[in-house]
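The values are calculated or read from the model by the stated rules, or taken from the named source; none is laboratory data. On a predicted model such as this, the values are computed, not experimentally measured, just so you know. Neighbour counts run over all protein chains shown; Cβ positions are idealised from the backbone, glycine included. With ligands, DNA and RNA removed, areas are computed over all heavy atoms of the protein, side chains included. Shrake-Rupley method; radii C 1.70, N 1.55, O 1.52, S 1.80 Å.
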Amino acid sequence: MPPPFDLVVIGAGPAGEAAAVTAARLGKRVAVVEKAPFVGGAAVNTGTLPSKTLRETALALSGLRSRDLHGVDLSLRRDVTIDDVLRHERAVKTAHRDHIRGLLGRYGVEVVHGTARFGGPHAVVVDGSGGGCELRADKVVVAIGSTPLRPPGFPFDHDRVHDSDELVSLHRMPRSIAVVGAGVIGSEYACMFAALGVETHLIDGRDKLLPFLDADLSAALEAAMRRLGVRFVWGESVASCDAPPAGDVRLGLSSGRVLAADHVLICAGRASRAAELDPGAAGLCPARKGRLEVNEHFQTGVPHIYAVGDVIGFPALASTSAEQGRAAAGHAFGKPTGGPVARVLPTGIYTVPEVSSAGETEEALKAAGVEYLVGRVAYPDVARGKIIGDECGFLKLLFRRSDHKLLGVHVIGEVASEVVHIGVMALMVGAGADLLLDTCFNHPTLGELYKLAAHDAVLRGRGGG
């Protein structure tokens, strides 16, 4: 008797949703197993959408979007309540859950809620409140996602010590907050709280913010965050955490210093959830940090079992995870959807200001011995930048000196994660300065930054700069 499902997908986040819909569009019978009572995964419910929505709310409530617009003052006129901050986040989250559930329903994907584990190479056992069941399928896609790491020494059962997934369930606005870990998530949340006027400390053992960024972007972002009110505590780790029932949480730092804050947020990275599936029952053997290793088609060591998204590690972005899900389902049923993922992957960081980049950094080009040109232009150098009042934003382009081929794109400022896409497309097709110089951009737009930055690079090349 053939298995009743062609594909069972474990996890209903971006990767699982994309895999399920792709297979259903190919005419396959598909089931998705989701532990939570709603679909969307961490991206919709605790991570990507909530944090970015909270950022937008913080910008609106704080009046930061008004910046230096002449005669405009939209600064806070009253204390912000936690309901003010979370109201829009809850609405966006609910609406997007409904959208995903509706999409799966329209394609005939069966959604089963419960905790999944392997009962064999072709069997997924689901334990739920209404009892258990076993789903059998020709193919399986593991898209179970990740969970925040919880380092020892922090009392996470305390109502004012949080990991990043818990933060969207705050019951009141903190008076002050200490964010431990200056990675992407920690930096984003530090900006959000500082924008709302909360005393914010950002603690990290390193001495440079987001060192994977181009050095100019990293330095500009740190300076902007300091102006926003973020207090950086560099070169320190947390040696102890004393969280009494009342009063501030006290963090003992490696230097002996004690830092007190109303709330503490731990951002120590995320770990794969593959171990929850009893992977050995299917013949799978997780690697470092519980990740499942895959080939270029996202097949695990058991060829009919695929793994996508956070469960396989880097880049662990909602966008790339969805691409992986589509590619895995296409390969599983002999209908390739193109390359596994795009050749150029942009990074979008929703700090205040926003940061986005793609391609090579200046430091990487130096290390590789590549001769290059830099084109740089500030937001206020174009009319749109003046209109929105962003005086600190800039676009930085890196071109190969010999033929002016575009190698890297780096943006900081308003809607940087949107502005970067022009550069991403140019990188995807291997274009150079000529394409940007010959393109007509709408006026007034931030897209015009590309033409000016290309001019700047070409003129530097002629001048030997």
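The residue that is surrounded by the fewest Cβ atoms within 10 Å (Cβ to Cβ), among those in region 394-433 that are under 18 Å from the mean Cα position of the chain (by Cα) and more than 21 Å from residue 342 (Cβ to Cβ), is 414. Among the residues of region 15-35, not a single one is buried (at least 24 other Cβ atoms within 10 Å of the Cβ), of a type outside the set (Asp, Glu), touching a residue at least 12 places away in the same chain (Cβ under 8 Å) and in a loop (DSSP other than H, G, I, E, B). Take residue 108 and tell me if it is open to solvent by 40 Å² or more (accessible area, probe 1.4 Å), under 30 Å from residue 186 (Cα atoms) and either touching a residue at least 24 places away in the same chain (Cβ under 8 Å) or of a type in the set (A, V, I, L, M) (or both). No, not satisfied. All conditions but one from (1) in a helix (DSSP H, G or I); (2) among the basic types (Lys, Arg); (3) under 24 Å from residue 51 (Cα atoms) apply to residue 231; the one that does not is (1).
Looking at 219, 261, 239, 215, just one residue is touching a Gly at 6+ places or on another chain (Cβ under 7 Å) and either modelled with pLDDT under 95 or not acidic (Asp, Glu) (or both), and that residue is 239.
Within region 117-159, which residues are in a strand (DSSP E or B) and open to solvent by 40 Å² or more (accessible area, probe 1.4 Å)? Once the filter is applied, which keeps residues that are in a strand (DSSP E or B) and open to solvent by 40 Å² or more (accessible area, probe 1.4 Å), region 117-159 yields 117, 119, 127, 131, 132, 133, 134, 136, 138, 139, 147.
Results for (1) without any contact (Cβ under 8 Å) to a residue 40 or more places away in the chain; (2) surrounded by fewer than 22 Cβ atoms within 10 Å (Cβ to Cβ), shown as yes or no for each residue.
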residue	(1), (2)
342	no, yes
358	no, no
371	yes, yes
388	no, yes
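Scanning region 241-275 for residues that are within 19 Å of residue 159 (Cα to Cα), small (Gly, Ala, Ser) and either within 24 Å of the chain's Cα centre (by Cα) or open to solvent by 60 Å² or more (accessible area, probe 1.4 Å) (or both) yields a count of 2. Considering only region 192-204, I want to know if a residue exists there that is at pLDDT 95 or above, among the acidic types (Asp, Glu) and either open to solvent by less than 40 Å² (accessible area, probe 1.4 Å) or in a loop (DSSP other than H, G, I, E, B) (or both). Scanning region 192-204 turns up at least one residue that is at pLDDT 95 or above, among the acidic types (Asp, Glu) and either open to solvent by less than 40 Å² (accessible area, probe 1.4 Å) or in a loop (DSSP other than H, G, I, E, B) (or both). For residue 406, are the conditions met, namely being in contact (Cβ under 8 Å) with a residue 40 or more places away in the chain and under 21 Å from residue 362 (Cβ atoms)? The answer is yes for residue 406.
Of the residues making up region 212-226, not a single one is over 20 Å from the mean Cα position of the chain (by Cα) and either of a type in the set (S, T, N, Q) or open to solvent by less than 10 Å² (accessible area, probe 1.4 Å) (or both). When the residues of region 281-291 are filtered to those that are in contact (Cβ under 8 Å) with a residue 24 or more places away in the chain and outside any loop (DSSP other than H, G, I, E, B), which remaining residue is least open to solvent (accessible area, probe 1.4 Å)? For region 281-291, the residue satisfying everything is 282. Selection within region 308-334: residues that are more than 19 Å from the chain's Cα centre (by Cα) and buried (at least 24 other Cβ atoms within 10 Å of the Cβ). The member of this set that is farthest from residue 185 (Cα to Cα) is 332.
Count of region 434-452 residues, restricted to those that are buried (at least 24 other Cβ atoms within 10 Å of the Cβ) and part of a helix (DSSP H, G or I), is 3. Scan region 162-182 for residues that are at pLDDT 90 or above and surrounded by fewer than 19 Cβ atoms within 10 Å (Cβ to Cβ) and report the count. Total satisfying the criteria: 2.
Highlighted here are the strands (runs of 3 or more DSSP E) found entirely within region 341-415 that include at least 2 residues which are β-branched (Val, Ile, Thr): 347-349, 372-378, 406-412.
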